[in-house]
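A short worksheet on the structure shown next.
The values are calculated or read from the model by the stated rules, or taken from the named source; none is laboratory data. Just so you know, these numbers come straight off a predicted model, no measurement behind them. Heads up, the Cβs are rebuilt from the backbone with ideal geometry, glycines too, and the neighbour counts pull from every protein chain shown. In case anyone asks, the SASA skips ligands and DNA or RNA and just uses the protein heavy atoms, side chains included. Shrake-Rupley method; radii C 1.70, N 1.55, O 1.52, S 1.80 Å.
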Amino acid sequence: MNISAQSISLWLAAVFGTVLVAAFVLFPGFLPPMSPEMSSGEVAEFYAENKTWIRTSMVVFDFCCVMLLPLFMVVVHHIKRMRTSTDVFAYCYLSAAASGATILAIANLFWLIAAFRPERNPELLVLLNDLAWITFTAPVGMIIAQNLCLALAVYLDQRPDPVFPKWVGHFNIATAVLTAPAACAAMFKSGPLAWDGLISFWLRLTLFAAYIAVMFFMLRRAMRHEALELQRAPELVPA
Amino acid sequence: MNTLWDRFEGVMVRGEEDDRIAGDFNMWVFVLGDLVIFGAYFVVFMVHRFHEPELFRASQGHLNLLIATLNTIVLLTSSQLVARAVHAARQGDDAAVRRLITQAGGLGALFVVLKVTEWVIEISRGYTLPSDEFFMFYFCLTGVHLLHVLLGLLIFGVVLHEIRQGSGRRVTLVEAGATYWHMVDVIWVLLFAVLYLLR
Amino acid sequence: MSATTETRPAPAAATSTDTLEGKRDLSICWWITVVFYGLFGVIFVPLTRLMPPPGPDMSTAQITEYFQGNRTGIQIGFVVLMVAIGGAAIAAGLIAYQMTLMSVSKIYAYSYITTLAVGALPGCLLGALAFLAAVFRADTDPEVLVLLYDVAFLTFVGSLGCFATNYLVFAVAVLQDRNGIFPRWLAYVAIWQIVTEVLAAPVFVFRSGPFAWNGVISFWEGTILFGIFLGALIRLSRTAIRRQPIEAVA
């Protein structure tokens, strides 16, 4: 029963994650990423000329991005399986994941609102565009918190057969550390830390995609181990 | 127990399913409700069509009748296969059920492919969602229907899975899946008539 | 002590406990839920008049008039919402708790909570905040008012994925549940809700017609169906509370 819920959640993430990648590629403002230094005229032109693809890709985004949340809830479930002194990290992780998804949902809506009335005053379009990009890029804290909780839980897991190998902890810490500088996108208009920069855009998003992919496979592995455990000794499985 | 009200309470409120009818009951709620909801969409469409008959008729001429007709045949055939699967399930012939459901599912997948092809053709010719009112309805209604088809394929998958696991509920499941699929078929026939044929 | 797995015995098998006695915490949460949604209706419809929405095709002048003519209602209504919104958390927590009584994994309950946590913000509060900002100053630039107008309605009607995911995990959980906490037809109604979310997607494109944010299909049919779902959910939640075996307090 646990296993089927995990399977469904992972499957949802795989299907909708793939669709999200397509939406990402289709959004005219990502490849290459829009520059914070675009003039208001250029921003207005961008939205007027690309409104169809902006709307299409971002509506898909709207519908699909929260479908990744159940995958993070599978992580919560596995943190609870770890033999740490308490389950606290699981609940912290849950909380951070919810907030992280909220941030993504809001950023997405700002892009859609900008594309809704492209004939708006260009200064207001710039405002919406700035809001979208800053919201999308800068609030890295929830990801960092999530990853930290998972890493700590992995390090402190005292099971003889740990839920995740230690390198998953390292991976989570590394991802968090490398994602952190993207917070500066709220300050810089050019350079690697700007929202179109090497660190804040390319590195951050590549890491995010890699994170989902890696965790997907590690969760499948953990799920399989749990299934074996259940077969062998169901009464030993904690609630 | 077993006055009409008791049974209503049992099924609607307490969700009891000891009764075989009850299991179907839930699916019938879904089917009838879905038909009512779709019916509402049709009514809205007809009202808008009534206000702009020329525009609707002109835009309708751009639709690909060939693919739509093919799709209708595909769905009707799949419904027939599903009906035979129900019969096989009642006879306890699991192998036949699996074969027929898989075939029906294959046809369902073909419908999806044909529908997407049709959309791609329309879009490449410049007719998109915001082109005009007719196409707005066309894409939204066929889109929602396509979702129903995809859900139907998912249901087939669940049925096949349950049969492989030797579930005791297989007859009810196949019947429920069949009811749903027939509904999907009925909605398509209505869509076909209203969107493509009605002049 | 018996197995500590997540399967609980089906309520029907326990001794008849068709009562609300001994479940005061659940009762309180249920009443808070009812009051919250009642307040929600009063706030969003007669007070702030965010529902039913005026159209995206209103002129700048009309939009300015809409805000200025409704300033008091908006402020009273949404200031109350600033406090009352907590009720959304209670409602989510109650249903999520009941989901933990199902024979299915708690992962569904976690997903239920988190998706609604997402929805409360862009899908409800953001619109209220935009309205409050619009009427905060009497001399706000009309173009800015149009912006806030768009923000409110597009986020309120157009927050799709959080609710779609919520309905999806709820439907799957109910369908897989062998303890019959909620009847299966509720899962099907939840699936209809997903369809209404899909049909709300066009609001980002159309400024008028049935698929605009005030349209017959994208708004009205969706809202009516939501009302049916919510009414059923609340009613059935109460039934589930009544049927739940009383847990002995240690």
- request: Say whether the condition of being surrounded by fewer than 24 Cβ atoms within 10 Å (Cβ to Cβ), within 20 Å of the chain's Cα centre (by Cα) and facing another protein chain (nearest Cβ under 10 Å) is met by at least one residue in region A:114-130.
  value: no
query: How about region B:131-156: which of its residues are open to solvent by less than 50 Å² (accessible area, probe 1.4 Å), within 11 Å of chain C (Cβ to nearest Cβ) and among the aliphatic types (A, V, I, L, M)?
result: B:Met136, B:Leu141, B:Val144, B:Leu146, B:Leu151, B:Ile155
task: Give just the number: which of (1) open to solvent by less than 20 Å² (accessible area, probe 1.4 Å); (2) closer than 21 Å to B:Leu70 by Cβ does B:Val159 not satisfy?
output: (2)
- prompt: Considering only residues of region C:134-149 that are open to solvent by 60 Å² or more (accessible area, probe 1.4 Å) and in a helix (DSSP H, G or I), which is farthest from the other protein chains (Cβ to nearest Cβ)?
  reply: C:Phe136
- prompt: Just checking, how many residues over region A:69-93 are farther than 20 Å from A:Phe136 by Cα and facing chain C (nearest Cβ under 8 Å)?
  reply: 5
- line: Among the residues of region A:15-57, the number that are over 26 Å from C:Arg207 (Cα atoms), surrounded by 15 or more Cβ atoms within 10 Å (Cβ to Cβ), of a type in the set (A, V, I, L, M) and away from chain C (no Cβ under 13 Å) is 2
- request: Scan region C:215-229 for residues that are aliphatic (A, V, I, L, M), closer than 30 Å to C:Asp25 by Cα and surrounded by fewer than 18 Cβ atoms within 10 Å (Cβ to Cβ) and jot them down.
  value: C:Ile228
- request: Check C:Ala164, C:Ala171, C:Ala212 and return the single one that is assigned to a loop (DSSP other than H, G, I, E, B) and not basic (Lys, Arg).
  value: C:Ala212
task: Among the residues of region B:125-155, write down those that are more than 12 Å from B:His62 (Cβ to Cβ), at pLDDT below 90 and not charged (D, E, K, R).
output: B:Leu129, B:Pro130
message: Condition first: of a type in the set (A, V, I, L, M, F, W, C), open to solvent by 50 Å² or more (accessible area, probe 1.4 Å) and more than 13 Å from A:Ile134 (Cβ to Cβ). Now tell me which residues in region A:174-198 satisfy that.
response: A:Val177, A:Leu178, A:Leu198
query: Only one residue in B:Gly15, B:Gly33, B:Gly10 is facing another protein chain (nearest Cβ under 9 Å), at negative phi, modelled with pLDDT under 90 and open to solvent by less than 50 Å² (accessible area, probe 1.4 Å), so which one is that?
result: B:Gly33
field: Residue list for region B:98-134, restricted to those being part of a helix (DSSP H, G or I) and more than 21 Å from the chain's Cα centre (by Cα)
entry: B:Val120, B:Ile121, B:Glu122, B:Ile123, B:Ser124, B:Glu133, B:Phe134
Residue satisfying condition, being part of a helix (DSSP H, G or I), aliphatic (A, V, I, L, M), free of Cβ contacts under 8 Å to residues at least 12 places away in the same chain and within 14 Å of chain A (Cβ to nearest Cβ), within set C:Leu121, C:Leu125: C:Leu121
query: Of the residues that sit in region B:101-130 and are of a type in the set (A, V, I, L, M, F, W, C) and over 15 Å from B:His145 (Cα atoms), which one is surrounded by the fewest Cβ atoms within 10 Å (Cβ to Cβ)?
result: B:Val120
query: Can you name the number of the only condition in (1) within 26 Å of C:Tyr167 (Cβ to Cβ); (2) over 16 Å from the mean Cα position of the chain (by Cα); (3) not β-branched (Val, Ile, Thr) that A:Trp53 fails?
result: (1)
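Table: residues versus (1) under 30 Å from A:Trp53 (Cβ atoms); (2) without any contact (Cβ under 8 Å) to a residue 60 or more places away in the chain; (3) of a type in the set (A, V, I, L, M, F, W, C).
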| position | (1), (2), (3) |
| --- | --- |
| C:Phe182 | no, no, yes |
| C:Ala190 | no, yes, yes |
| C:Val195 | yes, yes, yes |
| C:Ala212 | yes, no, yes |
| C:Arg238 | no, no, no |
| C:Ile241 | no, no, yes |
query: Scanning region C:179-211 for residues that are within 16 Å of C:Thr100 (Cα to Cα) and touching a Gly at 6+ places or on another chain (Cβ under 7 Å), which turns out nearest to the other protein chains (Cβ to nearest Cβ)?
result: C:Pro183
statement: Only unsatisfied item for A:Leu71, checking (1) in contact (Cβ under 8 Å) with a residue 60 or more places away in the chain; (2) under 15 Å from the mean Cα position of the chain (by Cα); (3) open to solvent by less than 60 Å² (accessible area, probe 1.4 Å); (4) closer than 29 Å to A:Ala115 by Cα, is (4)
Lone unmet requirement of (1) buried (at least 21 other Cβ atoms within 10 Å of the Cβ); (2) in a helix (DSSP H, G or I); (3) facing another protein chain (nearest Cβ under 9 Å); (4) in contact with a Leu (Cβ under 7 Å, 6 or more places away or on another chain) for C:Phe131: (3)
- prompt: Looking only at region B:164-184, which residues are assigned to a helix (DSSP H, G or I) and either open to solvent by 10 Å² or more (accessible area, probe 1.4 Å) or without any contact (Cβ under 8 Å) to a residue 60 or more places away in the chain (or both)?
  reply: B:Arg164, B:Arg170, B:Val171, B:Thr172, B:Leu173, B:Glu175, B:Ala176, B:Thr179, B:His182
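A quick yes/no check of all residues on (1) more than 19 Å from A:Asp62 (Cβ to Cβ); (2) crowded, with 21+ Cβ neighbours inside 10 Å; (3) within 11 Å of chain B (Cβ to nearest Cβ):
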{"site": "C:Val151", "(1), (2), (3)": "no, yes, no"}
{"site": "C:Thr155", "(1), (2), (3)": "no, yes, no"}
{"site": "C:Phe163", "(1), (2), (3)": "no, yes, no"}
{"site": "C:Asn166", "(1), (2), (3)": "no, yes, no"}
{"site": "C:Val172", "(1), (2), (3)": "yes, yes, yes"}
{"site": "C:Asp177", "(1), (2), (3)": "yes, yes, yes"}
{"site": "C:Gly231", "(1), (2), (3)": "yes, no, no"}
{"site": "C:Arg238", "(1), (2), (3)": "yes, no, yes"}
query: Going by the structure shown, is C:Phe40 of a type outside the set (Ser, Thr, Tyr) and open to solvent by less than 20 Å² (accessible area, probe 1.4 Å)?
result: no
statement: The one condition A:Asp87 fails out of (1) more than 22 Å from C:Leu160 (Cα to Cα); (2) under 20 Å from the mean Cα position of the chain (by Cα) is (2)
message: Please go through region C:20-67 and give me each residue that is part of a helix (DSSP H, G or I) and polar (S, T, N, Q), ordered by number.
response: C:Ser27, C:Thr33, C:Thr60, C:Gln62, C:Thr64
- prompt: Can you tell me how many residues in region B:49-62 are surrounded by fewer than 19 Cβ atoms within 10 Å (Cβ to Cβ) and either at pLDDT below 85 or in contact with an Asp or Glu (Cβ under 8 Å, 6 or more places away or on another chain) (or both)?
  reply: 3
